[in-house]
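Here the structure is laid out as structure tokens; the discussion comes afterwards.
The values are calculated or read from the model by the stated rules, or taken from the named source; none is laboratory data. Keep in mind it's a predicted model, so treat the numbers as computed, not measured. Neighbour counts run over all protein chains shown; Cβ positions are idealised from the backbone, glycine included. Quick note on the areas: whole protein, heavy atoms, side chains included, nothing else; ligands and nucleic acids left out. Shrake-Rupley method; radii C 1.70, N 1.55, O 1.52, S 1.80 Å.
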Amino acid sequence: MAKTAVTLGIDIGGTNSVFGFVDREGKVLAEASIPTNADEPASMLLARLAVITEEVFEPIKSTCELKGIGIGAPNANYYRGTVENPPNLKWDGIVNIVELIQSKYSLLPVAITNDANAAAIGEMTFGAAKGMKNFIVITLGTGLGSGIVVNGDLLYGHDGFAGEIGHTTVFPDGRYCGCGKRGCLETYVSAGGLCRTVFEILAESREESKLRTLCFSDLTSKKIFDLAQKGDPIAVKAFDRTGYLLGIKMADAVAHTSPEAIIFFGGLASAGDLLFGPTHRSMEDHLFGIFRGKVKLLQSGLKEDNAAVLGASALIWNELKKKK
Ligand SMILES: [Zn+2]
């Protein structure tokens, strides 16, 4: 009997690294997760991954053939195969992950990109962007990531880092961003950005709100969402403001690449209409006329619990397809 072709998708996160063996249809046949231990050097994480992926592969080894490895990681450079000064990992400078992985997996094809780009390829291969050639994926979590697909290809740009909409400027003298700049979109549109906006609105108004009893460190985007659903005026306003700014930047993004759809992925994206109602209105208001009424805003078509693994796996499936 012919063996089922599978790829290994690995997502390296600041806290945990998850991986899974995925077939061509996007079915995860085996998966697991290990702590990243962000203080360790990359080589130690990869050594632990090599051991545990082998263990997890063992039960399906007789029926599956491993074709390649795809990796999603912060600050990953697709062209060079490197991870460069990642914000949440204490890795020194530039680490060539593709070389390190290939030395452990007998030179199988390996590709790496950042997690938002992996999400975009995941949506194209297995999710909401199936059949689309021009779209943008926005990941809304602790930060705002983006992956841009043009004519069926992910946009990597001149140096491999294209698609950083989260670090484009909304207000030049605005909020301080983790990247060192000020006023980045991510400081307004992200889980943390939403919390900062709540405190801004609380300071500006006298309206009653349950949010007044919470201190900043206890505030989460989930609590704001729950209160907004119950009609808390401050929580609703915070979503309105967040959507308004997101809509402006999406209108800009549309002007650059003319996508068929913008797909939202990640924790904050599950807020649904609370966020995307104002986002859509603002985007339409700020769009250049020829684009109005043409761009769909969609939620991710990938299951949240293994979306990162599917994205990383889709990355290498896509590479294998290109090679053919
Ligand atoms: Zn920034």
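Points worth noting:
- Dividing the helix sum by the residues of the chain, where each DSSP H run of 4 or more adds -39500 (n - 2.57), gives a mean residue ellipticity at 222 nm of -11500 deg cm²/dmol.
- Rolling a 1.4 Å probe across all protein chains gives Glu200 an accessible area of roughly 70 Å².
- The range 200-324, dipole about Cα centre (Lys/Arg Cβ +1, Asp/Glu Cβ -1), debye to the nearest 20: 560
- The lysines within cross-link reach of Lys294, meaning a Cα-to-Cα straight distance under 21 Å and a gap of 8 or more places when in the same chain, are Lys130, Lys133, Lys249.
- When Leu214, Leu45 are compared by accessible surface with a 1.4 Å probe, the order from highest to lowest is Leu214, Leu45.
- Solvent-accessible area, 1.4 Å probe, carbon plus sulfur percent, for the range 38-91: 55
- Whole-number D in µm² s⁻¹ for the chain, Kirkwood Cα-pair radius fed into Stokes-Einstein, 20 °C, 1.002 mPa s: 105
- The range 1-134: projected area of the alpha-carbon convex hull, averaged over directions, in nm²: 8.5
- Only the Cβ atoms of Lys and Arg (+1) and of Asp and Glu (-1) were treated as charged; on that basis the dipole of the chain about its Cα centre amounts to roughly 580 debye.
- Measuring with a 1.4 angstrom probe and ignoring ligands and nucleic acids, Lys130 comes out at about 130 Å² accessible.
- Farthest toward the positive end of the dipole of the chain, out of Asn85, Ile10, Leu245, is the Cα of Leu245, where the dipole comes from beta carbon charges about the Cα centre.
- Of the whole protein surface, Tyr188 contributes about 20 Å² of accessible area at a 1.4 Å probe radius.
- Sequence of His256, His167, His158, His280 when ordered by accessible area, the most exposed leading, probe 1.4 angstrom: His158, His256, His280, His167
- For the chain, the residue among Ala255, Leu66, Ala111 whose Cα projects farthest onto the positive side of the dipole built from Cβ charges is Ala255.
- Among beta bridges that DSSP assigns inside the chain, antiparallel share in %, nearest 5: 60
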